[in-house]
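Read the structure below first, then the notes.
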Amino acid sequence: MTIGPAAADDCHHEPVRVMRERGEGSASSCVAITHRSLQLCLVIVLLLLCLASPAFATISYRVSLAQPESHRFRVTMTIPHASVGSTFAIPAWNALYQVRDFAHRIREVRVQGNASGRPQFTSTKLDNQTWRIDSTESNTGPAAPETVVDYSIEWDDPGPFNTQLNAHHAFINLAEILMYVPDRRGEDVSVEFLDLPAGWRCAAELASGAGDNSFVARSYDALVDAPVEVGLFDDFSFESGGARIHVVVDSNDWNKGRLQGALERITGYELNLMAGPPFDNARKEYTFFFHIGPGNDANGGGMEHSNCTAVASGTEDSAIAIAAHEFFHAWNVKRIRPQALEPVDFTKEQPTRALWFAEGVTSTYAAYTLERTGLWSKSQFFNDLANQITELESRPAHKWQSVEESSLDAWFEKYPLYNAPDRSISYYTKGQIDGVLLDLAIRDATENHSSLDDVLRRMNAEYPLQHRFYNESEGIRGVVEEVTGKSFADFFRRYVSGSDDIPYDSFLALAGLELRTQTAKTADIGFWPSTAFETNLVVSELEPGGPAEAAGLRDGDVVLEVNGKPATRDDAAALRYHSPGETIHLRVRRDDRELVVSYQLGVRSESIYMISEMAHPTERQRHIREGILRGTTD
């Protein structure tokens, strides 16, 4: 990680150093050749140097933070050797599997050359994301040595999935503000932040550039895979499992000793589990960016990156649990990665059937990590798994939507209707359950000699370490069968690509566990509180003839307040935990007007699942259970 202002890091000179070594090698290989072939050798050397020249051509960005009160970044992109007719663009999506069209935030795009006497330039917008460089003169000769694109872009949405600039700080997902040249994404890039308010610093898991608050990367893709925090943050570092871990914290309510202790356990366990750090920077460094406090409740969560993660949460406890998930993403999804996500296409959706594994099984390992390190008790682990089962079984869509289909449909999550319980399940929820069931099945098939841990390590060896990506669920199944020597076709057919009812009792019994059910009386709010990205709660699935409809609520109403307090995304869950018979007051927006709807909550019955240990397990059941809880095999 670099925290500016800082001296330049040798790492960013690596491309030049490599090219010089190649030049020296080429020259020495010509020493003993004949005079006739000398000319050919020199031509080849010159040709290689010409072909290598893009490594020296750095596309650079200067980002001004001079207007925090208007939440507007001013960006200047300098493109070496851009020709008239070439294009530049901004991504349509980043940080979420959602097409969000960041171009709608852009203003005042201007293009010019910076060499005296060269043609002046303008731009033509070609589609929602793309502009073309045009000349204002009739001649279409070569462009200036450098072409400058200048624009402003407005953001004030909290992380970790968004970008924000305000009087408090800036948090930046760079793909959400920086344009790129589509056919030059592989060239060196640099970014410099200007006009910082007094006392603010920059932090990013990137090599430092030549100036203060500047960073460099080997490509646009590498640059935008590293968010930037700018402000009055706290930070600390520690060593863990052969890696240097940095922590950046934006919070007024956190405990350094507690947070560091938890992160040392999490990173130490996962690094040991996966046989060392995978981070592809010279110093094996990784950074956690934390935003902790009540203001982060509504947009809480984590966003993984190759060498860092950003976490937003209302409480430190929640932030620690999210960190266990996000750190495991350094392997699963960032490196152990489905082929469908490669190469990244910033212009359109990239659906994959494997998010149940990339995200859901990462949640399995977050729970394993928290329990195996003692941050959770055994009871907390069992309760968390039981809660996932309760959530899955409460959604009628589990009868027909497979977890692979849920993965494919991730791009629909911005639509309120899609999130209704009879429309979809979560690949996080069922993926986490499938991860545990798969682990139990592997242990049973191998007499507890192998586990899901072995599958993840084998996938790490066969895919990222061989510079390969796996082929959806088929690639995962293939490695499971390599590890076990048994067919898992039935498991994948029924519980991954299919939507068969899961025989929980049969699976849990392998580890001497029991699933119990009790019926609870809960509040019936009369509708399903859907959420869509960047919106409030939306009323959907309104119960015909119910008290909410009778009080005047309508499908599509946007809930602005609940009992006089601003509604947040968290209220989607919290509304269901009000008391039966309680009167609630909802202020809603319908079309161009606002109104208050008050009514008394009804009562409904809900099945709640719980997991407990059998009183007298067999020796084999006990071994499998201890293996799950401790991460061991026989």
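Observations, loosely collected:
- Each peptide in 433-439, 511-517 receives the mean, over its residues, of other Cβ atoms within 10 Å, and ordering these scores from highest gives 433-439, 511-517.
- Spin-label model distance (nm) - Ser394 vs Asp101, 7 Å beyond Cα toward Cβ: 3.5
- Projected-area average for the stretch 519-608 over all orientations - Cα convex hull basis, square nanometres: 5.7
- Total formal charge among the other residues, if their Cβ is under 12 angstrom from that of Trp93, Lys/Arg +1 and Asp/Glu -1: -1
- For the chain, the Cβ-based charge dipole about the Cα centre amounts to some 960 debye (Lys, Arg positive; Asp, Glu negative; other atoms uncharged).
- In this rough spin-label picture, where each label sits 7 Å from Cα along the Cβ direction, the Arg593-Asn252 distance is 4.0 nm.
- Using only alpha carbons, the stretch 343-382 has a radius of gyration to Kirkwood radius ratio (Rg to Rh) of 1.26.
- Kirkwood-based Rg to Rh ratio, the chain, C-alpha trace: 1.01
- Beta bridges by DSSP in the stretch 233-323, antiparallel share as percent, to the nearest 5: 45
- Compared with the direct C-alpha span, the chain from Ala489 to Asp235 gains 86.6 nm at full extension, assuming 0.36 nm per residue.
- The chain, helix-only ellipticity at 222 nm - DSSP H runs n ≥ 4, -39,500 (n - 2.57), divided by all residues, nearest 500: -8500 deg cm²/dmol
- Across the stretch 150-248 the C-alpha pair distances fall into 5 Å bins from zero in the proportions 3, 11, 21, 23, 22, 12, 6, 2, 0 percent.
- Across the stretch 190-198, rounded Karplus estimates of 3J(HN,Hα) from the backbone phi angles (6.51 cos²θ - 1.76 cosθ + 1.60, θ = phi - 60°) give 9, 9, 10, 9, 10, 6, 6, x, 4 Hz, Gly and Pro being marked x.
- Relative to the longest principal axis of the Cα atoms of the chain, the long axis of helix 35-52 lies at roughly 50 degrees.
- Taking the average, over residues, of other Cβ atoms within 10 Å as the packing measure, peptides 62-68, 499-505 rank 62-68, 499-505 from highest down.
- Mean Cβ count within 10 Å, highest first, over the residues of peptides 315-326, 602-613: 315-326, 602-613
- For the stretch 233-323, the alpha carbon positions stretch 36, 24, 23 Å along the principal axes, listed from largest to smallest.
Read-outs: derived from the displayed coordinates by stated rules, not from any lab. None of the values given here were measured: they were computed from a predicted structure. Every residue, glycine among them, receives a Cβ derived from its backbone with ideal geometry; neighbour counts consider all protein chains shown.
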